[in-house]
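A.B. asks: Below is a structure I'd like to ask you about.
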Amino acid sequence: MRFDLNEDQATFTTVLEQMLSAPEAEFRTVEGWGRYDYGTALDAQLEENGFFEAAREPDLGTVAAALMVYETAQAPVCLECGASALIRPFLSREVPRPLAVVVDDAPGPVRYLPNARGLVSISGAGVSYAAVPQGAAQTVESLYAYPMGTVDHDALTWESLDCDPGEMRVLWQIATAAELTGVLKAGMDAVIQYVSERKQFGQPLGAFQGVQHRLAGAAVEIEGAKWQMLRATHSRSARDAACALGFAQGMATRIGYDLHQFMGAMGLTLEHPLHRWTYRARLLRAEMGGSSAAYLDYARERWGD
């Protein structure tokens, strides 16, 4: 695949990267040693400047929106981006953000639900939306470095939307693949910096060939996942989206293990941001049934039932 950003997309990503390097996006510990830090200020800046509307713009489109999900996932703070950038623009009516998404009525806590103003349900029966009144969602304590919550679905007022559930499923697979690839990229970058500075036997850990080989392998896989995600974003085909998500989810466990091994005990503390990315990855790798379900989706699209 040959891929170049157009001028508007390149400007969009450059400005986004500048915003993500601002103090509002930096790592800081949370009072009470909380597992996540919601980037409220950064979220407001992105919304005020129209970044969540990128997919609606012909010269930016879903490619810029997916790159936004990928880039924001690399911030130590977390903010709801995937649903706002790739699902919300294609719903049949305007809905407020932040959004939470549930697929196939999956049970259990939903990420970003405590912050969400609306919940989108995607299933074979269709796409539905329900406003989430303030205080309706119950926050659930979690290790996953996301705000997690539950809500009584029967207590919400659901509205059927005139959307193709297949298209929404593809967009959510792309959003999940972009976010998962982004958190793994950020975790790898943090570990590379650590092994470049931490010394053992008189030389940096990164000088050892075994460390270099495994980090190089991780870098190749993460870059490959990014390009597969962008291919799916460009084509918006069910086959490409399933393949991109399956590949990203399939590598997440192995790469997460390596990142923590090379970071050592420091990677297990809340004083270093690594856990923010790797624990997000632990949740994202199971989204929509995990890599096996994604590859089954690909097989059905490729060869039929």
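Since every read-out is calculated from the coordinates, none of them should be taken as a lab result. No experiment lies behind these values; they were computed from the predicted model shown. Heads up, the Cβs are rebuilt from the backbone with ideal geometry, glycines too, and the neighbour counts pull from every protein chain shown.
A.B. asks: Which shape class applies to segment 121-223: rounded if a/c is under 1.5, otherwise prolate when a/b exceeds b/c and oblate if not, where a ≥ b ≥ c are the square roots of the Cα gyration tensor eigenvalues?
C.D. replies: oblate
A.B. asks: Note the direction-averaged projected area, equal to a quarter of the hull surface, for the Cα convex hull of segment 166-303, in nm².
C.D. replies: 8.4
A.B. asks: Something else: With just the Cα atoms defining each centre, how far is segment 18-64 from segment 95-133? Give it in Å.
C.D. replies: Cα centres, segment 18-64 to segment 95-133: 20 Å.
A.B. asks: 7 Å from Cα along Cα→Cβ at both His234 and Thr29: what's the point-to-point distance in nm?
C.D. replies: Result for the modelled spin labels: 4.6 nm.
A.B. asks: Multiply the residue separation of Glu159 and Ala299 by 0.36 nm, subtract the distance between their alpha-carbon atoms, and state the gained length in nm to one decimal.
C.D. replies: 47.2 nm
A.B. asks: When the helix-only estimate is applied to the chain (DSSP H runs of n ≥ 4, each -39,500 (n - 2.57), divided by the residue count), what is the mean residue ellipticity at 222 nm, nearest 500 deg cm²/dmol?
C.D. replies: Calculated from helices alone, the mean residue ellipticity at 222 nm is -16000 deg cm²/dmol.
A.B. asks: What does the extension gain come out to for Arg198 and Ala22, with contour length at 0.36 nm per residue minus their alpha carbon separation?
C.D. replies: Difference between extended and current length: 60.7 nm.
A.B. asks: Next question. List the DSSP H helices in the chain whose Cα atoms stretch 30 Å or more along the helix axis and whose mean Kyte-Doolittle hydropathy is at least -1.0.
C.D. replies: 165-197, 209-235, 238-263
A.B. asks: Kindly identify segment 66-152 as rounded, prolate or oblate by the Cα gyration tensor criterion: order the square roots of the eigenvalues as a ≥ b ≥ c, call it rounded if a/c is under 1.5, otherwise compare a/b with b/c, prolate if a/b is larger, else oblate.
C.D. replies: Verdict is oblate for segment 66-152.
A.B. asks: Moving on. What percent do you get for the relative contact order of the chain when only Cα pairs under 8 Å and 6+ apart count?
C.D. replies: Reported as a whole number, the value is 17 percent.
A.B. asks: According to the square roots a ≥ b ≥ c of the eigenvalues of the Cα gyration tensor, what is the shape class of segment 7-164, taking rounded for a/c under 1.5, prolate for a/b larger than b/c otherwise, and oblate for the remainder?
C.D. replies: Verdict is oblate for segment 7-164.
A.B. asks: Also, quick follow-up: Expressed as a whole number of Å, what is the distance separating the alpha-carbon centroids of segment 261-280 and segment 208-224?
C.D. replies: Cα centroid of segment 208-224 versus Cα centroid of segment 261-280: 18 Å apart.
A.B. asks: Estimate the FRET efficiency between Asn49 and Thr253 by the formula 1/(1 + (r/R0)^6), using the beta-carbon distance for r and 41 Å for R0, to the nearest 0.05.
C.D. replies: Plugging the Cβ-Cβ distance into 1/(1 + (r/R0)^6) gives 0.70.
A.B. asks: Would you list Asp297, Asp258, Asp59, Asp8 from fewest to most Cβ contacts within 10 Å?
C.D. replies: Ordered from fewest to most neighbouring Cβ atoms within 10 Å, Asp297, Asp258, Asp59, Asp8 come out as Asp59, Asp8, Asp258, Asp297.
A.B. asks: Using only the Cα atoms of segment 1-93, what semi-axes does the equivalent ellipsoid have when each is the square root of 5 times a gyration tensor eigenvalue? Give whole Å, largest first.
C.D. replies: Computed over segment 1-93, the values are 25, 15, 11 Å.
A.B. asks: Among the DSSP beta bridges whose two residues both lie in segment 7-164, what percent are antiparallel, rounded to the nearest 5?
C.D. replies: About 70 percent, rounded to the nearest 5.
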